Amino acid sequence: MKAATSQEIKQQLQHSTKEELIKLCLRLARFKKENKELLDYLLFQSHDLDGYITLVKAEITEGFTQVNTSSVFLAKKTIRKILRNAKKYIRYTGSEVAEAEILMHYLSLFKQMKLPWRRTKVLNNIYEAQLKKIEGAIAAMHEDLQFDYKNGLEALRN
């Protein structure tokens, strides 16, 4: 079965009543946790981006306190899980500022870990890939904001 295109869905939604739209949203929220989280963000938290970023940073910090540093393998799994969640929250916002701030916080905690991650190819690659993503987010920002974030990026590089 082939799914409808975004344009077809948009046209169909425009012809729906308010009650039908509410029913569709609630039904959509029941099927996947991500759908419910996205609706939660859009309805309750999208008006306060700074507060949302603070919540995400707190969750990332909590995740890094649970990293098992006794083994690089176990640490790697937890670090990837934290990054996966961070990317999900970034996707909800659709904001370059949020992406840069959240990933910079992630990398600062990553850098502070008591783990020889520079000698581990996989962990080093994760770190370098996130640096590139931050660069891309900064490049997409307004010029006035770029200067502040570039300083933070350079601190993470050293």
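Observations, loosely collected:
- Taken one residue at a time, the phi angles of segment 77-89 give Karplus couplings (6.51, -1.76, 1.60, θ = phi - 60°) of 4, 5, 5, 5, 5, 4, 5, 4, 5, 4, 5, 5, 5 Hz. Gly and Pro are set to x.
- Pairwise centroid distance, computed over Cα atoms, of segment 105-139 with segment 12-75, Å: 24
- Those lysines that a straight Cα-Cα span of less than 21 Å connects to Lys121, excepting residues fewer than 8 apart in one chain: Lys76, Lys77, Lys81, Lys111, Lys132, Lys133
- Loop trypsin sites (Lys or Arg not before Pro), segment 42-146, which have at most 11 other Cβ atoms in a 10 Å radius of their Cβ (DSSP): Lys114
- The mean sequence distance of close C-alpha pairs (under 8 Å, at least 6 residues apart), as a share of the length of the chain, puts its relative contact order at 18 percent.
- Two-site FRET efficiency, Ser6 against Asn68, from Cβ-Cβ distance with R₀ of 41 Å, rounded to 0.05: 0.45
- The C-alpha atoms of the chain define a longest principal axis, and helix 18-31 lies at about 40 degrees to it.
- Modelled spin-label separation between Leu131 and Ser16, with each label point placed 7 Å from Cα along the Cα-to-Cβ direction: 4.6 nm.
- Residues of segment 112-141 with amide N under 13 Å of the 7 Å Cα→Cβ point at Leu49: 138, 140-141
Every number here is computed from the coordinates shown, using simple stated rules; none is lab data. Please read all numbers here as calculations on a predicted model, not as lab measurements. Glycine also receives a Cβ, built like all others from the backbone with ideal geometry; neighbour counts cover every protein chain displayed.
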